[in-house]
Amino acid sequence: MGRGLLSAAYVTSVFDHAKAPSDRRPTVAFAGRSNVGKSTLINGITEGKSIARVSSTPGKTQSLNFYIVEDRFYLVDLPGYGYAKVPVEIKKSWGKLVEGYLTTSPSLRGMVFLIDCRREVQPDDKMLLNWVTSRRLPFLIVVTKADKLTRNQLEQALRSFREVVLRDDDNGELTAFSSRTKLGHEEVVRWVRQVVA
Ligand code: GTP
Ligand code: MG
């Protein structure tokens, strides 16, 4: 215990934020655009069999999915946003679900915010990030799919994300991540442990 990956188990999926676990264990949210790699990251930082569902079809996760770690804290996988082909009704329910959860949860301690290394930061990313920074919630920017870039390209991308999204915010950190090469896994685990401590 304490070293390596998190030992986690699936708890529940809810489509109504009021049905989120109410026991007040500290919780870390994982947010980002559809297909950015949230579910893959959760599987990567946890031991054993994959607990989160991964799909190459964007919009796979449409509920708030809770996982418990060491009986002590929760991870919550938020549904991804920004996928154009998702029907309007689902987009509306996404907004209600995620906004409802983020604005009312008494247990949220931090947010892991994922960005695809090959993409620009979009307006909906900025909206969510602004909310996080205005609430002074600790956040970790995770630049995903780093294996898709050369070393030089990755360094350039990291520099640009540092400037655009991290700025000088004291509550924020940034790391590169790849499920293929295991880059960044330790950093994410360390950060999560630190915000729930
Ligand atoms: P939603 O549930 O739709 O919000 O998506 P998500 O953010 O949970 O993405 P998911 O983890 O399902 O991954 C989407 C796709 O990206 C899958 O095909 C993954 O295999 C792929 N992927 C995720 N992480 C990486 C990575 O680090 N490198 C590469 N090359 N592919 C990745
Ligand atoms: Mg997912």
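The values are calculated or read from the model by the stated rules, or taken from the named source; none is laboratory data. Please read these numbers as outputs of a predicted model, since none were measured by experiment. Here Cβ is always computed from backbone atoms with ideal geometry, including for glycine, and neighbour counts include all displayed protein chains.
Return yes or no: is D77 within 13 Å of ligand 1 (Cβ to nearest atom) and at pLDDT 75 or above?
Spelling it out, D77 is indeed within 13 Å of ligand 1 (Cβ to nearest atom) and at pLDDT 75 or above.
From (1) touching a strand residue (DSSP E or B) at 6+ places or on another chain (Cβ under 7 Å); (2) more than 14 Å from I115 (Cα to Cα), pick out the condition that doesn't hold for E173.
In the conditions (1) touching a strand residue (DSSP E or B) at 6+ places or on another chain (Cβ under 7 Å); (2) more than 14 Å from I115 (Cα to Cα), E173 misses (2) alone.
For segment 163-197, how many residues are part of a helix (DSSP H, G or I), modelled with pLDDT under 95 and surrounded by fewer than 19 Cβ atoms within 10 Å (Cβ to Cβ)?
At the first step, the residues of segment 163-197 found to be part of a helix (DSSP H, G or I) are 163-166, 185-196.
Keeping just the survivors that are modelled with pLDDT under 95 gives 163-166.
The next check asks that each one be surrounded by fewer than 19 Cβ atoms within 10 Å (Cβ to Cβ); those that pass are 163-164, 166.
Here the count works out to 3.
Does segment 41-54 hold any residues that are among the hydroxyl-bearing types (S, T, Y) and either touching a residue at least 24 places away in the same chain (Cβ under 8 Å) or touching a strand residue (DSSP E or B) at 6+ places or on another chain (Cβ under 9 Å) (or both), and which are they?
The one that is among the hydroxyl-bearing types (S, T, Y) and either touching a residue at least 24 places away in the same chain (Cβ under 8 Å) or touching a strand residue (DSSP E or B) at 6+ places or on another chain (Cβ under 9 Å) (or both): T46.
Given the structure, is I51 within 12 Å of ligand 2 (Cβ to nearest atom), of a type outside the set (G, A, S) and modelled with pLDDT of 95 or more?
no
If you check every pair at least six apart or on different chains, which have Cβ atoms under 6 Å apart with a residue in segment 12-40 that is touching a residue at least 24 places away in the same chain (Cβ under 8 Å) first and a residue that is in a loop (DSSP other than H, G, I, E, B) and of a type in the set (A, V, I, L, M, F, W, C) second?
V14/A20; A29/L78; A31/L78; S39/A52; S39/V54; T40/V54
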